[in-house]
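No value in this document is a laboratory result; all are computed from the given coordinates. Worth saying up front: this structure is predicted, and the values here are computed from it rather than measured. Don't worry about glycine lacking a Cβ; one is built from the backbone with ideal geometry, like all the others, and counts go over all protein chains shown.
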Amino acid sequence: MWLLLSPTRLEAPFLRGEPFAFLAWKGLKGEGFVYLETGVGKVNAAMALAAYAASHPVERALLFGIAGAYPGSGLALGQAVLIGEEVEADLGLREGLKPLGFPALRKGGARYYNRFPLDPGLTASLKEGLGLGLATGLTRDLVSESLEEAEALAQRWGAEVESMEGAAFARACLALGVRGAELRAISNPAGVRDRGAWRLKEALTALERAVSGVLCLQAPL
Ligand SMILES: O=C(O)c1cccc(C(=O)CC[C@H]2O[C@@H](n3cnc4c(=O)[nH]cnc43)[C@H](O)[C@@H]2O)c1
């Protein structure tokens, strides 16, 4: 059983199931999955996963949604990618959390500051099963508002994809011991606010294809 999460219902119009309410969230119970609409941003993503996992067994979780692509990423509008690692870029100083001297998370002898891996085994299985590429995600509660800002973030952190939830989900998965993967479809160039340059329809088509593929994969993941 998958726990599927997306920030908005607009990113999951293709999912069919029995509607239900869980605390502050709405969801669907479908064939092989439970879906939760988390709401936008880091706190919503982490809260929805943690609250659900506190009262239900979660075998594996997938966060999916639209995202921006940084300049020079090589990613096309409408392209779906899996995220291997997430950067929480608005935590600590502009240089990150390390200069402050304490990690965001300690787990199994490891210290995590601003970078949080998604589950490597689950991500590798999805990459092979779906034939998708892998990218590094960057997360902030604020979206980039110019190409200059987007370029600087991409350079500073070595990231290709910008979203508002990924790092919070990855970090919550690590903290809770949930196997988690993240799938994004590129809707816009990061830093470009002109909606005429966005390709929402193409991104939603790519999400539908990839999420349907995830639900169809037979091998035990
Ligand atoms: O109005 C704007 O300038 C603007 C710019 C970027 C994103 C938004 C959203 O409302 C999207 C929120 C939603 O989608 C994800 N997303 C999509 N593209 C981006 C992006 O370039 N940077 C960050 N997040 C993006 C995000 O994860 C939210 O869930 C509006």
Original post:
So how far, in whole Å, is the C-alpha centre of segment 102-125 from the one of segment 1-69?
Top reply: 21 Å
Original post:
Which of the lysines could a cross-linker bridge to LYS42, judged by Cα under 22 Å and excluding same-chain residues fewer than eight apart?
Top reply: LYS26, LYS98, LYS107
Original post:
When the distances between all Cα atoms of the chain are binned every 10 Å from zero, what whole-number percent does each bin get?
Top reply: 8, 36, 38, 16, 2
Subject >> Spin-label proximity, LEU217 to segment 164-180 - amide N less than 17 Å from point 7 Å beyond Cα toward beta carbon >> reply: 170, 178-180
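Among DSSP beta bridges whose residues both lie in segment 63-216, state the antiparallel percentage, nearest 5.
On the way: 13 of 30 bridges.
Expressed as a percentage, antiparallel bridges in segment 63-216 total about 45.
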Subject >> Relative contact order (percent, whole number), the chain, Cα cutoff 8 Å, 6+ residue spacing >> reply: 28 percent
Subject >> segment 64-155: C-alpha gyration tensor shape, a/c 1.5 cut-off, then a/b vs b/c >> reply: oblate
Original post:
Which of the DSSP-defined H helices in the chain satisfy a minimum axial length of 20 Å, computed from C-alpha atoms, and a minimum mean Kyte-Doolittle hydropathy of 0.0?
Top reply: 42-55, 200-216
**OP:** Please give the contour-minus-distance gain from ARG16 to ASP141: 0.36 nm per residue of separation, less the Cα-Cα distance, rounded to one decimal in nm.
**Re:** 42.1 nm
Subject >> Potential lengthening between LEU134 and GLN155 on full extension [0.36 nm per residue; Cα-Cα distance subtracted] >> reply: 5.8 nm
Original post:
Any idea how far apart ALA24 and ASP194 come out in nm if each label point goes 7 Å out from Cα toward Cβ?
Top reply: 3.6 nm
Original post:
Amide H to amide H, which residues 5 or more places from ALA104 or on other chains are under 5 Å from it, using H placed in the peptide plane?
Top reply: TYR112, TYR113
**OP:** Name the residue, out of ALA154, ALA24, ALA69, whose mean-square fluctuation peaks in a Gaussian network model built on the chain with Cα pairs under 10 Å.
**Re:** ALA24
Subject >> Three-way shape call for segment 107-221 based on the alpha-carbon gyration tensor, with the a/c threshold at 1.5 >> reply: oblate
